[in-house]
Amino acid sequence: MTTTTTKSKGPKKTLPLLLLAVPGLLYFIVNSYIPMIGIFIAFKDINYAKGIFRSDWIGFDNFKFLFQTSDAWVMTRNTLLYNTAFIVLGTIVSIIIAILMSELLSKAFAKVFHTSLVLPNLISMVVLSYLVFAFLNADSGFINNSILAPLGLPEINWYSEPKYWPYLLVFIQLWKTAGYGSIVYIAFIAGIDKSIYEAAKIDGAGKLKQIWTITLPLLKPTIVILTLMSIGRIFNSDFGLFYQVPLNSGALYSTTQTIDTYVYRALMQVNDIGMSAAAGLYQSLVGFILVMLANAIVKKVNADNALF
C-alpha cells in the first residue's frame with residue numbers, strides 16, 4: 001500500500017518542477033538545438049539563386065579561409081590566451097569578491113556593494129567603448145590630461161600602441177564580469193553550515209585559516225564545474241570587447257584580433273554565410289573536445305568533481 005501511494009504521488013510532486021524547467025528547456029531547444037540543423041551550410045557554397053538546399057557541396061573548402069591566412073596563428077593565439085586569462089583571473093577575482101561579501105557583517109551594505117559590482121555587467125559594450133574612449137583619447141582623455149601630463153610624463157596614443165591592450169582588455173573584462181560571476185560563489189558560501197566555522201573558531205582558527213581550510217575546499221566542486229563550462233567557450237570571444245572597445249583600430253590587430261572579429265571582418269568583404277557557419281562549427285567542435293578532455297582529467301583525479 002505504501003509503495004503504491006508513493007508511486008502515485010511521484011508525478012504530482014515532480015510536475016511543478018518540470019513546469020518550472022519548461023522556459024529554460026524551450027530556450028535551449030530554440031537557440032541551441034534547432035540551429036544545429038543548419039550545420040550542413042558549412043559544407044556548401046551558398047548560392048542565393050539556387051537556395052540553401054540546392055547549393056553545391058564543396059566539402060571543407062569553407063574551413064580553409066580560417067587557416068590559409070597569415071593571421072591564422074595570431075587570431076588563434078589571441079583567442080586562447082585571452083580566454084585563459086579571463087577564466088583564471090576571473091575565477092580568482094570572483095571568489096575573492098564572494099568571500100569579502102560574505103564576511104561583511106551588515107547585510108544591507110553587502111547588498112549595496114554587490115549591486116554596484118554587478119552593475120557593470122549590465123552596461124552595453126557600445127556604451128563601455130565610449131567610457132574607455134573618454135579615458136584613453138589621446139587629445140582629451142582623462143589619463144593623458146589628468147594623470148600623465150601633471151606628472152610630466154609623455155602622452156600615449158593608446159589606440160596606436162598594441163602593447164598596452166592585453167592588459168587593458170583583461171582589466172576591462174574583469175571589471176565588467178567579475179561581480180556578476182561572484183553571484184554563484186556568494187550563494188554557495190551562504191549555504192555553508194555556520195557551525196563548521198564556529199567549531200573552527202573554537203579550535204583557534206582565524207578568518208584566513210577558516211577561508212583556506214573550510215570555504216575554499218567546499219567551493220572546489222563549484223569552481224571545477226564553472227571552469228569546465230567556461231572551457232567549452234574558450235575558442236569564442238566577446239565580439240564587443242575585441243571589436244567595439246578598441247574601436248576597430250587596425251594598428252591594434254596584433255593584440256585584439258580574435259577568431260570572431262576576423263570572421264566578421266572577412267565576411268563583411270566576402271559576404272559568404274558558408275564561411276561563417278564553418279567558423280562557428282569549428283569553434284563549437286574544439287570547445288566540445290576541450291570540455292571532454294578537461295572533464296576526463298578531472299574525473300581521473302576526483303570523480304566527484306567531474307561535470308559528468
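When Tyr167 is tested against (1) at pLDDT below 90; (2) open to solvent by 70 Å² or more (accessible area, probe 1.4 Å); (3) under 30 Å from Ser94 (Cα atoms), just one condition goes unmet, and that condition is (1).
Restricting to region 185-224, name every residue that is in a loop (DSSP other than H, G, I, E, B) and either open to solvent by 50 Å² or more (accessible area, probe 1.4 Å) or under 17 Å from Ile92 (Cβ atoms) (or both).
Step one: of region 185-224, the residues in a loop (DSSP other than H, G, I, E, B) are 191-193, 203-206.
Scanning region 185-224 gives Gly191, Asp193, Asp203, Gly204.
Exactly one residue out of Val127, Val132, Val112 is farther than 29 Å from Leu290 by Cβ, crowded, with 17+ Cβ neighbours inside 10 Å and of a type in the set (Val, Ile, Thr): that is Val132. Phe67 fulfils the conditions (1) of a type outside the set (Asp, Glu); (2) modelled with pLDDT under 85; (3) touching a Gly at 6+ places or on another chain (Cβ under 9 Å) except for a single criterion, (3). Condition test on Pro246, is it part of a helix (DSSP H, G or I) and in contact (Cβ under 8 Å) with a residue 12 or more places away in the chain? Judged against the criteria, Pro246 is not a match.
How many residues does region 18-58 contain that are small (Gly, Ala, Ser) and assigned to a helix (DSSP H, G or I)?
Initial filter on region 18-58 (small (Gly, Ala, Ser)): 21, 24, 32, 38, 42, 49, 51, 55.
Those still in the list that are assigned to a helix (DSSP H, G or I) too: 21, 24, 32, 38, 42.
Selection size over region 18-58: 5.
Being in a helix (DSSP H, G or I), of a type in the set (A, V, I, L, M) and touching a helix residue (DSSP H, G or I) at 6+ places or on another chain (Cβ under 7 Å), is that true of even one residue in region 144-166? No: region 144-166 contains no residue that is in a helix (DSSP H, G or I), of a type in the set (A, V, I, L, M) and touching a helix residue (DSSP H, G or I) at 6+ places or on another chain (Cβ under 7 Å).
Can you tell me which residue in region 22-58 is nearest to Asn271 (Cα to Cα), limited to those that are surrounded by 10 or more Cβ atoms within 10 Å (Cβ to Cβ) and of a type in the set (Gly, Ala, Ser)? The extreme case among them is Ala42. Only a single criterion out of (1) under 30 Å from Asn236 (Cα atoms); (2) without any contact (Cβ under 8 Å) to a residue 40 or more places away in the chain; (3) among the aliphatic types (A, V, I, L, M) is not satisfied by Ile99, namely (2).
The values are calculated or read from the model by the stated rules, or taken from the named source; none is laboratory data. Just so we're clear, the structure is a prediction, and the values are computed from it rather than from any experiment. Backbone-built Cβ (ideal geometry, glycine too); neighbour counts: all protein chains shown. Surface areas here come from the heavy atoms of the whole protein model, side chains and all, with no ligands, DNA or RNA. Shrake-Rupley method; radii C 1.70, N 1.55, O 1.52, S 1.80 Å.
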